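Take a look at the structure below.
Readers should treat all values here as calculations from the given coordinates under stated rules, not as data from a laboratory. Note that this is a predicted model, so its numbers are computed, not measured. Reconstructed Cβ throughout: ideal geometry from the backbone, glycine too, with neighbour counts over all protein chains shown.
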Amino acid sequence: MGQVPHLQALHDKYNDKGFQILAVSKEDAGLIESKLIKGKSATYGVVKANIGSLYKTSGIPHCWVLDAEGKCIFEGHPAGVTEDKVEEWTKDLAPTKVDKELAKELKGGVKAFEEGDMGKALKEVAAAKESEDEAVKADAEYLAGLIEKHVTVYTAKMESAKKSGDLVKLGKTLEEAADKFKGSEQGDKWKDELKELEKSDAYKDTKKAADELDKVRDKLEDMRPSSARKKLEKIAEKYPDTPAGKEAAELAKRYAE
Amino acid sequence: MKLAGSVALLLLTAVVFAGSLSAVAPGDQGPNFKFDKSWNIEDGMTELSQFRGKVVMIESWATW
């Protein structure tokens, strides 16, 4: 079996747009290499891991697609993952690569952008916008547009975290966003917001619940289902109003007899 | 009667085992897992959760 041809095509077309393939097998690393890597043309992500107890399936190949938040949005045979679907799933993601050749004046900006340093990329864009050359200006606008998409995605993530009351997620998003946009006005704004958030009691509680859940989650695989359930239920009882508390309650159900 | 009871118990056990961990379906949060080894992915990526922000296709396959 091995390689599914259309995976490579999907990877080639959508990887730059934020679509990541992880072909997972629990087999021997040498076997995996001989089948997909050595002398083969697969350039999509391949992983050795045993996920059978987490991602149950009665047959392979089988796949699951997770959205940017880690939520499952598709489950079934890989052939069901069509270009149309991937197009739809990735259309709101922020690009991580610049998909066309830009003026050499923007070389530093493109490099910073692809490295995720939006603060620096914005500075380079601002400088290029001062250029007399219209083509350079246009390219600067283009790069600015790509950067703006990242602002939009972060803003949307923050809004959804606020809406669901997941203050930990909000904090993490603010931290990540502020870091990526370090040195820019936008970055400073997010940094200030994070400082305010960290002062609130609601945030402290939500964070405690999330930390406890993370600790238990790391050990779940090695626990008996009954003790896993007890640990999870305890967190759910202690922090019923937090997202981690709710997630613990949901997870506990998975381990219920 | 005794036999029927044993069969019922056996069936029940089978059902309990099958249902102890339900499969991941659309709408569920995808459980995290760590990689024992990886190819063709960025250095430093060692577990699924590091791919948040991307759309991830987890494809379960085997060489046979």
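Worth a mention:
- Average other protein chain Cβ within 10 Å of Cβ, residues A:222-229: 0
- Within 10 Å of each Cβ in A:52-60, the average number of Cβ atoms from other chains: 4
- Rg followed by Dmax, in Å, when chain A is reduced to its Cα trace: 22.0, 71
- Exercise: per-residue mean of other protein chain Cβ atoms within 10 Å, A:22-28: 6
- Gap separating the Cα centres of region A:1-60 and region A:80-129, nearest whole Å: 26
- Listed peptides A:57-69, B:42-54, A:181-193 by packing density, highest first (mean Cβ within 10 Å): A:57-69, A:181-193, B:42-54
- Of every Cα-Cα pair in region A:104-199, the percent that sits beyond 21 Å: 37
- In the protein assembly as shown, the calculated helix contribution to ellipticity at 222 nm averages -16500 deg cm²/dmol per residue, counting -39,500 (n - 2.57) for every DSSP H run with n ≥ 4.
- Extended-chain gain in nm, criterion 0.36 nm per residue less alpha-carbon gap, residue A:79 and residue A:58: 5.9 nm
- Length released on extending from residue A:214 to residue A:129, taking residue separation times 0.36 nm less the Cα-Cα span: 26.1 nm
- Protection proxy ranking of A:80-86, A:92-98, by the mean of other Cβ atoms within 10 Å over each peptide's residues and highest first, is A:92-98, A:80-86.
- All-pairs Cα distance distribution in region A:202-254, expressed in whole percent, bin size 5 Å: 4, 25, 35, 22, 10, 3, 1
- Relative to the 2.2 N^0.38 Å rule of thumb, region B:25-64 has a C-alpha radius of gyration ratio of 1.29.
- In units of the rule-of-thumb radius 2.2 N^0.38 Å, region A:1-143 shows an alpha carbon radius of gyration of 1.34.
- Ascending count of other beta-carbon atoms within 10 Å, so fewest first, for A:134, A:237, A:198: A:134, A:237, A:198
- Net charge of neighbours whose Cβ lies under 12 Å from the Cβ of residue A:107, counting Lys and Arg as +1 and Asp and Glu as -1: -3
- Here is the tail figure for region A:27-94: Cα pairs spaced more than 20 Å apart come to 44 percent of all pairs.
- Membrane-span-like helices of chain A, defined as complete DSSP H segments with a Cα extent of 27 Å or more along the helix axis and a mean Kyte hydropathy of at least -0.5, are identified as A:134-164.
- Distance between modelled label sites at residue A:250 and residue B:23, nm, 7 Å Cα→Cβ extension: 1.9
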